[in-house]
Amino acid sequence: MRFGWRRAIAAAAAITLATAIGMGGVSYPDTLLPAHGGQAAASTKPMMVEDVFKNVQALKGLGVDDFLLTMGIMSAAVGSDCVGCHPSAGTDHVDWALDTPRKRTARRMVQMVTAINRDHFNGRQVVTCWTCHRGRDRPVTTMTLDVVYGPPTDESDDVLTQAQAVPSVDQVLDKYLQAIGGARNVVRVTSFVATGKSVGYRGFGGGGVVEVSAQAPDKRATHISFPEYPDRGVSVRTYDGRSGWIATPLAVVPKYELAGSERDGARLDAMLSFPTQIKQALTDVRVGPPSTIEDRDVTVLQGNGPNGTLATLYFDDASGLLVRMVRHGRSPIGRVPTQVDYSDYRDVGGIKFPFRWTFAWLDGRDHFEFSDVKLNVPIDAAKFGEPNLR
């Protein structure tokens, strides 16, 4: 999820890297020009990257949401920041359109990766930026003996296959539903509103007030406000069962409609807010090899979402509770991970609800600590619709 101060910084970094692969600057079409009072005019369709950014060459045809996700992959892969491509980034004097050798190199890298996958892997996305760079500007070319003789790095594949000698999907889900209150009780929950505080990664940007609202089968909204800093506006992510929006007033693109992988992810988030819908939200559900999270044994369940998305669920073996969800979206240069960790389960009306959520994505991390959770409450439909930036 993209919220708050780090989202504003991450958006600037995204623009930096976007320019590196072919953007000469940012243009603001009529749908983004401020109307009277500073309100952005409503758009009639999701914005494409060509509608917002100038001189796109390597990644044409993407929605703004998928484009920013792609920038997140590049940023994580090469460990870059704004100044790496744009002198004076972070000031009013930055020239986003200024072309540099690094931008031209990044453009060639995108084309190279595409060609490798096309020519050697039948178009399957096997090689990505991360394959070689791993957080470095220049990939490592020679192994070190400390790594060769050190403990192995345990990195599981994105796509899991059905493991042998593990519980069945039904056994895993039945244990989970029983752990949070029993299937009959859980299925009666058709909405919830959770409120509390939001803290950005390492406390950056100060704390906010968060409200997460969800309504079965597939509506969810997250609003984060900053009462002590009202000029920061309200950061919002919504999905109304059909369309989704992200609004972050301080970002380079203050508001945009979800059009691709982010929309698929928003739909998954909304449906998985209600545990009895896991089988409806996912297809080809399978149980992967056993794993651990912070020395806890976990059972891993994975399923396919819409349009090539994946959702992987981690259940604590001792309690049966869901402790982590990782979903992978798609982009032209690799899968895009979003991770949500759940903890501090408490009883709310006979149902155990996690009062601590930690969202981690390629642009940052937010920690939610809820102080109040209400079940089966009416929620105004407008809560899930297009955010109003007034």
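Tabulated data for the structure shown
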quantity: Computed over the stretch 316-390, Cα set: Rg, Dmax in Å; calculated: 15.9, 47
quantity: Set of lysines near LYS45 by C-alpha distance (under 25 Å), chain-local residues within fewer than 8 positions excluded; calculated: LYS54, LYS60, LYS219, LYS255, LYS383
quantity: Pairwise Cα inverse-distance average, inverted: Kirkwood Rh of the stretch 274-314 (Å); calculated: 11.0
quantity: Cα-only radius of gyration and Dmax that characterise the stretch 204-356, units Å; calculated: 16.6, 48
quantity: Cα pair count fraction exceeding 17 Å, expressed as % - the stretch 341-380; calculated: 42
quantity: Accessible carbon and sulfur surface of the stretch 44-163 relative to its total accessible area, %, 1.4 Å; calculated: 54
quantity: Per residue accessible area of the stretch 309-390, 1.4 Å probe, in Å²; calculated: 42
quantity: The stretch 236-307 shape via C-alpha gyration tensor axes, a/c threshold 1.5; calculated: prolate
quantity: Probe 1.4 Å, protein heavy atoms only - accessible area per residue of the stretch 140-248 in square angstrom; calculated: 58
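The values are calculated or read from the model by the stated rules, or taken from the named source; none is laboratory data. Keep in mind that what you see is a predicted model, and the values were worked out from it rather than measured. What goes into the accessible areas is simple: the full protein's heavy atoms, side chains included, and nothing from ligands, DNA or RNA. Shrake-Rupley method; radii C 1.70, N 1.55, O 1.52, S 1.80 Å.
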